[in-house]
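Input: a single structure, listed below in C-alpha cells.
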Amino acid sequence: MRAILKTKAAIVGALMASTTVAAAGDVEVLHWWTSGGEAAALNVLKQDLEGQGIGWTDMPVAGGGGEQAMTVLRARVTAGNAPTAVQGLGFDILDWGNQGALADLNEVAAKEGWDDVVPDALKAFAKVDGKWVSAPVNVHSTNWVWANKAVLDANGIGVPTNWEEFTAALDTLKAAGITPIAHGGQAWQEATVFDAIAMSVLGPDGYKAAFIDLDEETLGSDAMKEAFDRMAVIRANVDDNFSGRDWNLATAMVINGEAGFQMMGDWAKGEFLNAGKVPGEDFLCFRFPGTTEQVTFNADQFMMFDQGGAVSTEQAALASAILSPSFQSAFNVVKGSVPARTDVSDADFDACGKQGMKDLAAAAASGNLFGSMAHGHAAPASVKNAIYDVVTAHFNGEYDSQTAVEELVDAVSIAK
Ligand code: GAL
C-alpha cells in the first residue's frame with residue numbers, strides 16, 4: 001500500500017484495502033512522513049527492522065502535522081482494525097493511552113532503561129499511569145527560520161536578530177522581486193508560524209499562560225493582538241499562490257531561491273538535505289528572532305496499539321529499534337530533528353542539528369522548553385483545533401487582529 005492518501009474517498013478506500021495487510025511477523029505502520037526528506041528518514045527505520053527479519057507494511061497518509069492520519073486512525077480503531085504502530089504527537093498519545101487502546105511497553109522500557117535517558121518533557125507524553133505506551137523517535141521544534149544563503153548574501157541581508165531587522169529583510173527581498181516568505185496556506189502551517197510569533201511577543205511566561213494554561217486574560221491581551229498584527233505582516237510577505245500549498249513545496253521555494261525565508265519546524269531541514277544542500281553554505285537555520293533561548297517542541301512517537309493480549313514481539317522489536325542510540329543518531333541526522341535520548345553524541349549531526357541539540361538542553365535546563373501549540377504538545381486536540389480556526393481565519397483576512405483576539409478567547413473557552 002504505497003498510495004498517498006488525501007481525499008475522503010481515498011481514506012475510505014485505504015480502510016477497505018487495509019483489512020488485508022500486515023501478515024503475522026510484520027508491523028503495519030501508519031504515518032504521515034511522505035515528503036522526500038521524511039521518506040528518506042523513514043527508510044532508516046524500515047531498513048533497521050527488515051535487518052531483524054521483521055516485515056514492514058506501509059500505511060502512509062499524506063498531510064503535514066498529521067490531521068488526516070489521525071482521521072484514518074480513528075476510523076481504523078472504530079472498525080476494530082487498529083494498525084500495529086502509529087505515529088502520534090503529544091496529547092493525542094495521552095488520549096489513546098487513557099482510552100486503554102495502547103499496549104504496555106514497560107517490560108522493554110525497563111530492560112533498556114528508557115526512564116534514565118528519555119527527558120521528562122517527553123515522558124509526560126509517552127507514559128500513562130506509569131506505563132510506557134509509545135516509543136519516542138525524536139524531538140522537533142517549531143521556532144526555526146530557514147533561509148537561502150545566496151539570496152540573503154546577494155541582497156546584503158544578515159541573520160536578523162529582532163523583529164525590526166526581520167521585517168527590514170522582508171522589505172528588501174520584496175523590493176528585489178523575491179518572495180520574502182515561502183508559506184503553505186494550511187491551518188497547521190499558519191499555527192506553526194504563530195507558535196514562533198506568539199513566543200516572541202508574549203515571552204515564555206505568556207506563551208505558557210496562553211496555550212498551556214489557557215489563561216483567558218493572556219489569550220485576550222494586547223500582546224496577543226500584537227502577535228496577530230505580526231501575523232498580518234507575515235501574510236503580506238507571502239506569494240499569491242500560497243493557499244493550500246504543502247509545506248515541503250514551500251521549502252522547495254527557499255531551496256530554489258524563489259523565496260528568502262520559511263518559518264517552519266526542523267523537518268524542513270530534511271528537505272534541504274534531501275536536495276543535497278549544506279547548512280551554512282547553501283542554507284541557514286536560525287531561531288525566530290526574539291526566541292533564541294526558547295524551544296517550542298514536538299516529539300514524534302510511535303504508539304503501539306493493543307492487539308489483544310501482551311505487546312507483540314514485532315511491536316517490542318520496533319520500540320527497541322526506535323530507542324536504540326545508533327538509530328536515534330542515524331534517523332535524526334536525516335530527519336532534521338534531534339534525539340529523544342539525552343545520551344546520544346552530536347558527532348554525526350550537522351551544524352543545525354548540533355545547534356538544535358544544544359538549544360534543547362539549554363532550554364530544558366533554564367525552564368524555556370515548552371510544548372508546541374501547533375503540534376499538539378500544549379493542549380488537547382479540541383483546543384488546538386479551536387486555535388487553528390481563529391489563526392487561519394485571521395491569516396486569510398476574515399478577522400482583524402482585535403476580532404481575532406476576541407474570537408480566540410471564545411473559541412478556547414468553548415473547546416476546553
Ligand atoms: C509534524 C511532525 C514532523 C513532520 C511534520 C510535517 O507534526 O512532528 O515529524 O513530519 O509534521 O509533516
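Considering the alpha-carbon set of segment 173-251 alone, what are its Rg and its Dmax in angstrom?
Rg and Dmax of segment 173-251, Cα atoms, are 14.1, 43 Å.
Compute and list, largest first, the equivalent-ellipsoid semi-axes of segment 60-100 from the alpha carbon gyration tensor, each √(5λ) rounded to a whole angstrom.
Values: eigenvalues 49, 38, 13 Å².
Over the Cα atoms of segment 60-100, the ellipsoid semi-axes are 16, 14, 8 Å.
How far is helix 325-335 tilted, in degrees, relative to the longest principal axis of the Cα atoms in the chain, given as a value from 0 to 90 rounded to the nearest 10?
For 325-335 against the chain, the angle is about 40 degrees.
Find the eigenvalues of the gyration tensor of the Cα atoms of segment 214-271, then list the square roots of 5 times those eigenvalues as equivalent ellipsoid semi-axes, largest first, in whole angstrom. Could the numbers behind the result be given before it?
Details: eigenvalues 161, 40, 18 Å².
So the three semi-axes of segment 214-271 are 28, 14, 9 Å.
Want the number for Asp215 to Lys111: 0.36 nm per residue separation, take away the alpha-carbon distance, what's left?
Working: separation 104, 0.36 × 104 = 37.44 nm, distance 4.10 nm.
Additional length available on full extension: 33.3 nm.
If you take the alpha carbon radius of gyration of the chain and divide it by 2.2 N^0.38 Å, what ratio comes out, to two decimals?
Working: Rg = 20.6 Å, N = 416, 2.2 N^0.38 = 21.8 Å.
That works out to 0.95 for the chain.
Expected output is a single nm value to one decimal: the length gained when fully extending between Asp129 and Gln47, i.e. 0.36 nm times separation in residues minus the C-alpha distance. What is it? Can you show the working numbers first?
On the way: separation 82, 0.36 × 82 = 29.52 nm, distance 3.28 nm.
Net length gain for the segment: 26.2 nm.
Taking Cα atoms of segment 337-416, Rg/Rh with Kirkwood Rh, to two decimals? Before the final figure, lay out each step's value.
Values: Rg = 17.5 Å, Rh = 15.1 Å.
Over the Cα atoms of segment 337-416, Rg/Rh equals 1.16.
Take the alpha carbon atoms of segment 244-293, find their radius of gyration, then divide it by 2.2 N^0.38 Å using N residues; give the quotient.
On the way: Rg = 10.9 Å, N = 50, 2.2 N^0.38 = 9.7 Å.
That ratio works out to 1.12.
Could you name the lysines whose alpha carbon sits less than 29 Å from that of Lys384, not counting residues in the same chain fewer than 8 places away?
Cross-link targets: Lys6, Lys8, Lys123, Lys127, Lys131, Lys208, Lys225, Lys269, Lys335, Lys358, Lys416.
Measure off 7 Å from each Cα along the Cα-to-Cβ vector at Ser324 and Asp95, then give the distance between these two points in nanometres to one decimal.
Between Ser324 and Asp95, the simple spin-label model gives 3.3 nm.
For segment 116-170, just run the numbers: alpha carbon Rg, then divide by 2.2 N^0.38 Å, N being how many residues it has. Write down the numbers at each step before the final one.
Values: Rg = 19.5 Å, N = 55, 2.2 N^0.38 = 10.1 Å.
Output field value: 1.93.
When the Karplus curve 6.51 cos²θ - 1.76 cosθ + 1.60 is applied with θ = phi - 60°, which whole-Hz ³J(HN,Hα) does each residue of segment 144-158 get, with x for Gly and Pro?
3J(HN,Hα) across segment 144-158, in whole Hz: 10, 10, 10, 9, 7, 5, 4, 5, 5, 4, 5, 10, x, 9, x.
Using only the Cα atoms, what convex hull volume per residue in Å³ does segment 62-141 have?
Working: hull volume 8.2 nm³, N = 80.
Dividing the Cα hull volume of segment 62-141 by its residues yields 103 Å³.
Going by Cα centres, segment 380-403 and segment 100-162 are how many Å apart?
Cα centres, segment 380-403 to segment 100-162: 26 Å.
Which of the three applies to segment 35-76, rounded, prolate or oblate, going by the alpha-carbon gyration tensor with a ≥ b ≥ c and a/c under 1.5 meaning rounded? Don't skip to the end; give the middle numbers.
Values: a/c = 3.96, a/b = 1.56, b/c = 2.54.
Oblate, since a/c reaches 1.5 and b/c is not below a/b.
Per q in 0.13, 0.16, 0.19 1/Å, what log10 I(q)/I(0) does a Debye calculation on the alpha-carbon atoms of segment 209-353 return?
Here the Debye-derived log intensity ratios amount to -0.84, -1.08, -1.22.
Taking the chain as the reference, fit the longest principal axis to its C-alpha atoms, fit the long axis of helix 351-365 to the helix C-alpha atoms, and give the angle between the two in degrees, 0 to 90, nearest 10.
80 degrees
For a paramagnetic label modelled at 7 Å from the Cα of Glu281 toward its Cβ, which residues of segment 348-391 fall within the zone defined by backbone nitrogen distances under 13 Å?
351
Can you pull the three principal axis extents for the Cα set of segment 48-184, in Å, largest first?
In descending order, the Cα extents are 58, 36, 33 Å.
How far is helix 401-415 tilted off the main Cα axis of the chain, in degrees rounded to 10, range 0 to 90?
Compared with the principal axis, the helix lies near 20 degrees.
Whats the longest run of the chain with zero GluC sites (Glu not before Pro) that are DSSP loop and have at most 15 other Cβ atoms within 10 Å? Present the calculation step by step, with values, prior to reporting the outcome.
Working: sites that count: Glu258, Glu281, Glu293, Glu398.
Of all site-free stretches, the longest is 1-257.
Rg to Rh for segment 291-384: what is it, with Cα atoms only and Rh by Kirkwood? Could you put the intermediate results ahead of the total?
On the way: Rg = 15.5 Å, Rh = 15.1 Å.
Ratio value, two decimals: 1.03.
We did not get these values from a lab; they are worked out from the coordinates using the rules stated. Just so it is clear, the structure is predicted and the values come from calculations on it, not from any experiment. Counting neighbours? That spans all protein chains shown, and the Cβs are built from the backbone with ideal geometry, glycine included.
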